[in-house]
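*Asks:* Dropping the structure in here first, questions after.
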Amino acid sequence: MSRRVKWIGIGVAAVVLILCIAILTVYLKPNSVAGTPQNVVFTVDKDQTGAEIGDMLYEKGIISSPTTFRMALRLTGLMDKLQQGYYQIPQNASLRQVISLLQKGKVQSIKVTIPEGYTIQQIAAELEKDGLGPKEAFLEVAKTYVPYQYMYGPAQVDYRVEGFLFPSTYEIPVGSTPQEILKRMAGEMNKQLTPAIREQIAAKHMTIFEFITLASLVEKEALFDEDRPIIAAVFLKRLQIGMPLQSCASIQYILGYPKSHLSIEDTQIPSPYNTYIHAGLPPGPIANPGMKSMEAVLNAPSTDYLFFVADKEGHHHFTKTYAEHLKVVESIYGE
């Protein structure tokens, strides 16, 4: 072996050694972050690759380099060993600690059920009751949280996210921030709005915002599933002919609480959400609708009905004329 080849070999070995020391240093060194280190809730979904996980960790500021993360996974043979689940990862954790945590699966979470028709206020109260943070903090973030362009409507609303949080049962990791919870619920609604459903919405010449707004009215009006498509059909008919929707649910949204019998004064409240005095849809959704109400709007039959009223058990009675409507109201509620 010549002296030149020998020195090249020594040089290569030195570079490899330096590289290994650098990787080992990064692997063992705590991540450097500004401010007080906090736990970050991190979700690994099914079938995510190590590279994808590394990119997400980097975006959240948990690791300093996704490339080093991938190299560490390859060197340790753990590229395919990371587990799906929810994690709470300290921002100052070392790469070794992060990888170790991601092999363990789920962390402690709280199961939360959001019923169909809940408003953003009710969701915030439910989360607070279940120990997932103060209601006020959630509502403050909800005012400005708009992850999808279709959530923008033509008028000002208090919560753009109202209507776009899918009612379901969620397992929410302890320590989740309001934004993380909102992202999960809004993301689920976005997933439920499949390409096929979006095509159906477009075929009805509606925007997604209009569709969710109308579905929210159906959700709050209907107690029984069989009534949903006909209620949706009546609302669509009224929209078609320019007749005010006159939805009691919109008045209850203004009041902020359910009221079984509305007064004349209630129906005259000066609010853009008052569908008795304003034609067309309200400025935005009045609740978060479930899939049955959304399907009711998509599959609403043609109808000549223009009026409906619920009886004392919650079943709706539909009529074509105002005179017929008054007779039904009298038969149900007249003394």
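The values are calculated or read from the model by the stated rules, or taken from the named source; none is laboratory data. Owing to the predicted nature of the structure, the values given are computational and were not obtained by experimental measurement. Here the Cβ positions follow ideal geometry from the backbone for every residue, glycine too, while neighbour counts run over all protein chains shown. Keep in mind that these areas ignore ligands, DNA and RNA; they rest on the heavy atoms of the full protein, side chains included. Shrake-Rupley method; radii C 1.70, N 1.55, O 1.52, S 1.80 Å.
*Asks:* I need every pair where a residue in the stretch 120-131 that is over 18 Å from Val146 (Cβ atoms) and of a type in the set (A, V, I, L, M, F, W, C) has its Cβ under 7 Å from the Cβ of a residue that is open to solvent by less than 30 Å² (accessible area, probe 1.4 Å) and part of a helix (DSSP H, G or I), sequence separation at least 6 or different chains.
*Replies:* Listed by first residue and then by second, the contacts come to Leu127/Phe138; Leu127/Ile181.
*Asks:* Here's something else I'd like to know. Collect the residues in the stretch 244-286 that are closer than 21 Å to Val234 by Cβ and in contact with a His (Cβ under 8 Å, 6 or more places away or on another chain), keeping them in residue-number order.
*Replies:* Residue satisfying the conditions is Pro244 alone.
*Asks:* I've got another one for you. Keeping to the stretch 49-93, report how many residues are open to solvent by 50 Å² or more (accessible area, probe 1.4 Å) and within 29 Å of Ile181 (Cβ to Cβ).
*Replies:* Count: 13.
*Asks:* How many of the residues in the stretch 112-131 are in a helix (DSSP H, G or I) and open to solvent by less than 50 Å² (accessible area, probe 1.4 Å)?
*Replies:* 6
*Asks:* Specify which of the listed residues (Tyr150, Tyr86) is within 28 Å of Thr207 (Cα to Cα) and among the aromatic types (Phe, Trp, Tyr).
*Replies:* Tyr150
*Asks:* Hand me the list of helices (runs of 4 or more DSSP H) wholly inside the stretch 132-239 holding 1 or more residues that are open to solvent by 10 Å² or more (accessible area, probe 1.4 Å) and aliphatic (A, V, I, L, M).
*Replies:* In the stretch 132-239, the matching helices (runs of 4 or more DSSP H) lie at 135-142, 195-203, 208-221.
*Asks:* Suppose we filter Glu136, Glu128, Glu140, Glu162 for residues that are within 28 Å of Thr194 (Cβ to Cβ) and not assigned by the TED database to the domain that holds Met291; which single one remains?
*Replies:* Matching residue, one of Glu136, Glu128, Glu140, Glu162: Glu162.
*Asks:* Still on this model: Pick out the one residue from Pro289, Pro258, Pro272 that is open to solvent by 40 Å² or more (accessible area, probe 1.4 Å) and either in contact with a helix residue (DSSP H, G or I) (Cβ under 7 Å, 6 or more places away or on another chain) or of a type in the set (A, V, I, L, M) (or both).
*Replies:* Pro258
*Asks:* Identify all residues within the stretch 38-48 that are part of a strand (DSSP E or B) and either more than 20 Å from Ile181 (Cβ to Cβ) or touching a Phe, Trp or Tyr at 6+ places or on another chain (Cβ under 6 Å) (or both); write none if there are none.
*Replies:* If the condition is that a residue be part of a strand (DSSP E or B) and either more than 20 Å from Ile181 (Cβ to Cβ) or touching a Phe, Trp or Tyr at 6+ places or on another chain (Cβ under 6 Å) (or both), then Phe42, Thr43 are the ones that fit.
*Asks:* When you check His278 against the structure, is it part of a loop (DSSP other than H, G, I, E, B) and either open to solvent by 30 Å² or more (accessible area, probe 1.4 Å) or among the charged types (D, E, K, R) (or both), yes or no?
*Replies:* It is true that His278 is part of a loop (DSSP other than H, G, I, E, B) and either open to solvent by 30 Å² or more (accessible area, probe 1.4 Å) or among the charged types (D, E, K, R) (or both).
*Asks:* Kindly evaluate Thr267 against the criterion of being among the hydroxyl-bearing types (Ser, Thr, Tyr), open to solvent by less than 60 Å² (accessible area, probe 1.4 Å) and touching a residue at least 60 places away in the same chain (Cβ under 8 Å).
*Replies:* no
*Asks:* Here's a follow-up. Hey, does the stretch 51-60 have a residue that's among the charged types (D, E, K, R) and modelled with pLDDT under 75?
*Replies:* no
*Asks:* Does the stretch 293-307 contain at least one residue that is in a strand (DSSP E or B), in contact with a helix residue (DSSP H, G or I) (Cβ under 9 Å, 6 or more places away or on another chain), open to solvent by 30 Å² or more (accessible area, probe 1.4 Å) and assigned by the TED database to the domain that holds Ser247?
*Replies:* no
*Asks:* On to the next question. Does any residue in the stretch 52-77 that is closer than 14 Å to Gln97 by Cα and among the aliphatic types (A, V, I, L, M) come within less than 6 Å, Cβ to Cβ, of a residue that is open to solvent by less than 50 Å² (accessible area, probe 1.4 Å) and assigned to a helix (DSSP H, G or I) six or more places away or on a different chain, and which pairs are these?
*Replies:* From residues that are closer than 14 Å to Gln97 by Cα and among the aliphatic types (A, V, I, L, M), the pairs are Ile63/Leu57; Ile63/Phe69; Ala72/Tyr27; Ala72/Leu95; Leu73/Gly50.
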